[in-house]
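Take a look at the structure set out below.
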Amino acid sequence: MVLSDPELQYCTDCLPKFKDRRTDKLVGAARRVLVEMRGSQSDPAQTAEAKAKRIAAYVERKERARAWLHENPGPPDRNFYKSEILPGLPNVTLPQMIRATSLTSGYCWKIQRGDRIPHPMYWEVLRSLASDHRDRSPGIPHDPKR
């Protein structure tokens, strides 16, 4: 097949398949490196500094969650999250979610897939991200006039 644009390397049918294979390879390589690191005596995730950083982040999140619950009594509406926020998250990138929430990439990935519902204190920022991206499909430019 000859591509109409000489700068393209893949057609629109092949690009998603290529990206999926590339992602699988990268994830596999990353997992192998993590296994090696976890097995070594110099695992950077287990240094005193790394542990202190994790504890501080955990304490901060718990304090913020407690404050949010104090300001927002009553149970959150999970159906609102599922119908108004979750549908727009697949078009939001993980780096955007991480920056907006300060949550880990692994947890943001689970949120994006719908495997986890985050604490309601994150819903407003996620709703904002999702609404910014809701009408966009990956790879299609967004028309700001819409």
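The values are calculated or read from the model by the stated rules, or taken from the named source; none is laboratory data. Computed from a predicted structure; not experimentally measured. Cβ sites come from the backbone with ideal geometry, for glycine too, and all protein chains shown count toward neighbours.
Somewhere in region 76-90, is a residue more than 17 Å from Ile117 (Cα to Cα) and β-branched (Val, Ile, Thr)? No, region 76-90 has no match at all.
Of everything listed in (1) in contact (Cβ under 8 Å) with a residue 24 or more places away in the chain; (2) closer than 16 Å to Asp132 by Cα; (3) touching a helix residue (DSSP H, G or I) at 6+ places or on another chain (Cβ under 7 Å); (4) not acidic (Asp, Glu), the single unmet condition for Leu94 is (1).
Restricting attention to region 1-49, report how many residues are aliphatic (A, V, I, L, M) and farther than 19 Å from Gly106 by Cα.
We begin by selecting, within region 1-49, every residue aliphatic (A, V, I, L, M); these are 1-3, 8, 15, 26-27, 29-30, 33-35, 37, 45, 48.
Subsequent filtering for residues that are farther than 19 Å from Gly106 by Cα retains 1-3, 8, 15, 48.
Total meeting the criteria: 6.
Evaluated against (1) surrounded by 10 or more Cβ atoms within 10 Å (Cβ to Cβ); (2) in the same structural domain as Tyr107 (by TED's automatic domain parsing); (3) over 25 Å from Asp132 (Cβ atoms), Pro73 falls short on exactly one condition, (1). The set of residues in region 99-137 being assigned to a helix (DSSP H, G or I) and of a type in the set (A, V, I, L, M, F, W, C) consists of Ala100, Cys108, Trp109, Ile111, Met121, Trp123, Val125, Leu126, Leu129, Ala130.
Scan region 1-14 and give yes if some residue there is in a helix (DSSP H, G or I), free of Cβ contacts under 8 Å to residues at least 24 places away in the same chain, β-branched (Val, Ile, Thr) and loosely packed, with under 11 Cβ neighbours inside 10 Å, otherwise no.
If we filter region 1-14 for residues that are in a helix (DSSP H, G or I), which is where we start, we get 14.
When the remaining residues are screened for being free of Cβ contacts under 8 Å to residues at least 24 places away in the same chain, the result is 14.
Next, only the ones that are β-branched (Val, Ile, Thr) stay: none.
Among the residues of region 1-14, not one is in a helix (DSSP H, G or I), free of Cβ contacts under 8 Å to residues at least 24 places away in the same chain, β-branched (Val, Ile, Thr) and loosely packed, with under 11 Cβ neighbours inside 10 Å, which makes the answer no.
Restricting region 81-112 to residues that are farther than 25 Å from Ala57 by Cα and among the small types (Gly, Ala, Ser) leaves a set whose member that is surrounded by the fewest Cβ atoms within 10 Å (Cβ to Cβ) is Ser83.
Against the definition (under 21 Å from the mean Cα position of the chain (by Cα), among the hydrophobic types (A, V, I, L, M, F, W, C) and assigned to a helix (DSSP H, G or I)), how does Ala45 come out, yes or no?
Details: under 21 Å from the mean Cα position of the chain (by Cα): yes; among the hydrophobic types (A, V, I, L, M, F, W, C): yes; assigned to a helix (DSSP H, G or I): yes.
Spelling it out, Ala45 is indeed under 21 Å from the mean Cα position of the chain (by Cα), among the hydrophobic types (A, V, I, L, M, F, W, C) and assigned to a helix (DSSP H, G or I).
Scanning region 57-98 for residues that are within 12 Å of Arg127 (Cβ to Cβ), outside any helix (DSSP H, G or I) and not β-branched (Val, Ile, Thr) turns up nothing. Those residues that are surrounded by 11 or more Cβ atoms within 10 Å (Cβ to Cβ) and either modelled with pLDDT of 90 or more or under 17 Å from Thr101 (Cβ atoms) (or both), I need them from region 26-49; list them, please. None; the set is empty.
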